Amino acid sequence: MAIPLLFLLMLSSISSMIPVSHSHSHLSLDYYAKTCPDFQRIMQEIVTPKQISSPTTAAATLRVFFHDCMVDGCDASVLIKPTNGHNTEMSQDINHSLSGDSYDVIVRAKTALEIACPNVVSCSDILATATRHLIKQVGGPYYQVLLGRKDGFVSNMSHVEESLTRSNTTMDKMIAAFTKKGFTIREMVALLGGGHTLGFVHCVEFAPRIFNFSATSEIDPSLNPGFAARLRQLCANYKTNPDMAAFMDPMSPDFARAMEKVSVLGVKTGRRGEVRTDCFAFNTKA
Ligand code: HEM
């Protein structure tokens, strides 16, 4: 239980209420009712066994979804592979550790959906729906996912840094990044706590806080000492084994509501986007 506890400890005394608006009025729960009536069933039939055979899929997909939505909205722009010198969001180092299991579940769902209803279901709706399904499957809360997102026309490496914070980002900058997207501090804490319920974090991400922190203190004094000692034990060999990772846990009741909000961040509808044939490349213009 690494990141969430740290954040929750640091933020437990802060809260704020900031009004939020989203332009997602063209989305609906039954968007595919006529054009792809088996959409939800197909998603379920693909996603459930994938998580059973590869239990890291849920965490992997949630992280990909979050990284997608924070950068230019939930438009599957994070999925575009770099080509011919064009650096996409995927090229940014923070996205190098996104796990292949999430890409795999998207490919599988897209393939099945293209057979059932060609050129109808967007990759961004697949990613949003797979994430919701996986969170529920691993014991998390259910929340509603509106549908009708189109896939974006832009994926640019240079848009990533300003929107995605890093584990050593200051709290002020982190709060600024979330409030810019319309989230309250309370929602930010819920997302960080709940989101990091799933998955792993590499020791290198927090090693400076538990080894040689400062001239006077080996460990960051703001950390719970027992927790820090446990992390030091877990990560003792992180330099020789860079794959060393700590499992993350807690959960917040506000998480589902905040996820609903993440799911409609900056969505594109109508002509502002397309339904990609291959989720990892823009459709080529005829
Ligand atoms: C903005 C603040 C955030 C920071 C600084 C941050 C940072 C990180 C870091 C450093 C990792 C470990 C990556 C690795 O070691 O490979 C991680 C993993 C993860 N993050 Fe975040 N994160 C943030 C917000 C979120 C949010 C809001 C969610 C979800 C709603 C989320 C979901 C996840 C998940 C599920 C993983 C595990 C991925 C896996 O095991 O494949 N993160 N995050």
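What to note about this one:
- Taken over region 222-261, the residue count meeting the criterion of being modelled with pLDDT under 90, outside any loop (DSSP other than H, G, I, E, B), within 11 Å of the ligand (Cβ to nearest atom) and touching a helix residue (DSSP H, G or I) at 6+ places or on another chain (Cβ under 6 Å) is 2.
- Subset tally (residues that are of a type outside the set (K, R) and within 14 Å of the ligand (Cβ to nearest atom)) for region 36-72: 18
- Residue within region 180-187 that is modelled with pLDDT of 95 or more, in contact with an Asp or Glu (Cβ under 8 Å, 6 or more places away or on another chain) and either farther than 25 Å from V204 by Cβ or within 15 Å of the ligand (Cβ to nearest atom) (or both) present: no
- Scope region 262-286; condition within 18 Å of L191 (Cβ to Cβ) and outside any helix (DSSP H, G or I); matching residues: S263, V264, L265, G266, V267
- Counting only residues that are without any contact (Cβ under 8 Å) to a residue 12 or more places away in the chain and either in a helix (DSSP H, G or I) or surrounded by 22 or more Cβ atoms within 10 Å (Cβ to Cβ) (or both), region 77-125 holds 3 of them.
Quick grid of which residues meet (1) surrounded by 18 or more Cβ atoms within 10 Å (Cβ to Cβ); (2) of a type outside the set (D, E, K, R); (3) closer than 30 Å to N84 by Cβ:
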{"position": "R149", "(1), (2), (3)": "yes, no, yes"}
{"position": "H159", "(1), (2), (3)": "no, yes, yes"}
{"position": "T170", "(1), (2), (3)": "no, yes, no"}
{"position": "K180", "(1), (2), (3)": "no, no, no"}
{"position": "F183", "(1), (2), (3)": "yes, yes, no"}
{"position": "E187", "(1), (2), (3)": "yes, no, no"}
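Residues are listed down the side, and each one gets a yes or a no for (1) within 25 Å of the chain's Cα centre (by Cα); (2) among the acidic types (D, E); (3) not in a loop (DSSP other than H, G, I, E, B):
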{"site": "F178", "(1), (2), (3)": "yes, no, yes"}
{"site": "F183", "(1), (2), (3)": "yes, no, no"}
{"site": "L192", "(1), (2), (3)": "yes, no, yes"}
{"site": "L198", "(1), (2), (3)": "yes, no, no"}
{"site": "S214", "(1), (2), (3)": "no, no, no"}
{"site": "D220", "(1), (2), (3)": "no, yes, no"}
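- Residue match in region 142-149 (condition: assigned to a helix (DSSP H, G or I) and more than 11 Å from the ligand (Cβ to nearest atom)): no
- Checklist (1) within 16 Å of the ligand (Cβ to nearest atom); (2) under 14 Å from the mean Cα position of the chain (by Cα) applied to D75, failing item: (1)
Residues are listed down the side, and each one gets a yes or a no for (1) out of contact with any helix residue (DSSP H, G or I) (no Cβ under 6 Å at 6 or more places or on another chain); (2) of a type in the set (V, I, T):
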site	(1), (2)
N84	yes, no
V105	no, yes
I115	yes, yes
V120	yes, yes
I126	no, yes
Y142	no, no
F153	yes, no
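- Qualifying residue in region 164-178 (condition: closer than 30 Å to T284 by Cα and within 13 Å of the ligand (Cβ to nearest atom)): yes
- Flag if D30 is of a type outside the set (A, V, I, L, M) and either within 16 Å of the ligand (Cβ to nearest atom) or in contact with a His (Cβ under 8 Å, 6 or more places away or on another chain) (or both): no
- Entry remark, region 54-69: residues being under 18 Å from F183 (Cβ atoms) and buried (at least 24 other Cβ atoms within 10 Å of the Cβ) number 4 in total.
- Any hit, region 4-11, residues being in contact with a strand residue (DSSP E or B) (Cβ under 9 Å, 6 or more places away or on another chain), of a type in the set (A, V, I, L, M), at pLDDT below 70 and at negative phi: no
- Screening C203 on (1) within 11 Å of the ligand (Cβ to nearest atom); (2) modelled with pLDDT of 90 or more shows it passes everything except condition (2).
The values are calculated or read from the model by the stated rules, or taken from the named source; none is laboratory data. Please read these numbers as outputs of a predicted model, since none were measured by experiment. Using ideal geometry, Cβ is built from the backbone for each residue, glycine included, and neighbour counts are taken over all protein chains shown.
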